[in-house]
Amino acid sequence: MRFLLTDEQREFARTLDGMLGASGTPAVVRAWAAGEQKPGRELWARVAAADVFALAVPERHRGMGPLPVELALSFVELGRHAVPGPLVETVAAAALLERLGEEAGAAAWLPRIAAGDAVVSLCAGTPYALDADAADAVLVVQGDTVRRTDAHGPVQPSLDPARRLARPLGGTVLAGGPAVTAAAAHAVDVARLATAAQSLGLGRALLAATVAHAEQRTQFQVPIGSFQAVKHRLADTLIGLEFAQPLVYAAALALAAGAPSAGREVAAAKVAAGEAGYAAARTALQLHGALGYTEEPALSLWIRKARPLRDAWGTPADCRARVLSG
């Protein structure tokens, strides 16, 4: 297969990159981590105005999708700029609701998600929901039932302070049966694809920051980037990201086509991108030296996201098992 992004897709990614680059995301991330939601909500509205959430919502519900390739492109940029909030969970919830239909309230929620008026978290296969305190609703999948709740327990600490986890409580059952099982499996695939794209964008940002640092920092009166060991470490990081990128877009194409192999391809992309993003964080931490261990530079906001993204919506072991499941 030969796959190239179209001019329109590339321009969309550049536009989103420019908008997020001018949004001061480090300050937004720090505010979100402190529980101050207003800056994050304002950025969420700008992301919605760029039609990112509409890409996950069908046209009949005032969306533009589902368009998995464009969605992956969007999440690469969201990861590159470390945008906080239940972004992945909201688009995965849209995929779940779209499959379940009116029984689960799709007509009420999907237009709001597309417009950016609803922040929705999704909890499936884990006892904790991301940013339940900031969400307008949390959808909880347990077995073959799905329920909606607005209540949650206390926020739990996370390796990434901007990933605020809480246990959802109670709720109203919306649907049950085999349809929920199938819809949830599809929603997990969407979540894994979006998370893989986030990891890819995060890794790209970390690599760019580390290369710039290696060009500026000197030892023995020469830039550390001139040292062979540093060059090799940066090259290995780039290769990992370059190898992950086609897997992410191939998985998006498979998901768009409804291919039987889509779940396995998404899992493979999640492993490759998650590991590449985490490797980029380790490289950034090592080559920045003491700067990498401090919280004052914005770099730490990116570094601390890498491992949680690698493990979210399926650890590498879980995703490898999915690839091998046949």
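The values are calculated or read from the model by the stated rules, or taken from the named source; none is laboratory data. These figures come from a predicted structure and were not determined experimentally. Backbone-built Cβ (ideal geometry, glycine too); neighbour counts: all protein chains shown.
Exactly one residue out of 106, 94 is closer than 17 Å to residue 181 by Cα, among the small types (Gly, Ala, Ser) and in contact with a strand residue (DSSP E or B) (Cβ under 8 Å, 6 or more places away or on another chain): that is 94. Residue pairs whose Cβ atoms lie under 6 Å apart, sitting 6 or more positions apart in sequence or on different chains, and linking a residue in segment 305-326 that is β-branched (Val, Ile, Thr) to a partner that is not in a loop (DSSP other than H, G, I, E, B), are 323/264; 323/267; 323/268.
Of the residues 269, 259, only one is of a type in the set (Gly, Ala, Ser), at pLDDT 95 or above and either crowded, with 17+ Cβ neighbours inside 10 Å or part of a helix (DSSP H, G or I) (or both); which? Of the residues listed, the single one that is of a type in the set (Gly, Ala, Ser), at pLDDT 95 or above and either crowded, with 17+ Cβ neighbours inside 10 Å or part of a helix (DSSP H, G or I) (or both) is 269.
Taking into account only those residues within segment 138-163 that are free of Cβ contacts under 8 Å to residues at least 40 places away in the same chain and of a type in the set (A, V, I, L, M, F, W, C), which is farthest from residue 278 (Cα to Cα)? The selected residue is 151.
Of the residues making up segment 51-65, those that are crowded, with 21+ Cβ neighbours inside 10 Å and not in a helix (DSSP H, G or I) number 4. Go through segment 207-241 and report how many residues are touching a Leu at 6+ places or on another chain (Cβ under 8 Å) and either more than 18 Å from residue 288 (Cβ to Cβ) or touching a residue at least 24 places away in the same chain (Cβ under 8 Å) (or both). Counting residues in segment 207-241 that are touching a Leu at 6+ places or on another chain (Cβ under 8 Å) and either more than 18 Å from residue 288 (Cβ to Cβ) or touching a residue at least 24 places away in the same chain (Cβ under 8 Å) (or both) gives 12. If you go through segment 122-140 and keep only what is surrounded by 22 or more Cβ atoms within 10 Å (Cβ to Cβ) and part of a strand (DSSP E or B), you end up with 122, 123, 129, 130, 138, 139, 140.
Scanning segment 289-326 for residues that are under 22 Å from residue 187 (Cα atoms) and among the β-branched types (Val, Ile, Thr), we see that the one that is surrounded by the most Cβ atoms within 10 Å (Cβ to Cβ) is 323. Total residues in segment 66-94 satisfying the condition of being of a type outside the set (Asp, Glu) and in a helix (DSSP H, G or I): the figure is 18. Looking across segment 6-50, the residues that are assigned to a helix (DSSP H, G or I) and acidic (Asp, Glu) come down to 7, 8, 11, 17, 42. The residue of segment 96-117 that is surrounded by the most Cβ atoms within 10 Å (Cβ to Cβ), among those that are of a type in the set (D, E, K, R) and within 19 Å of residue 258 (Cβ to Cβ), is 98.
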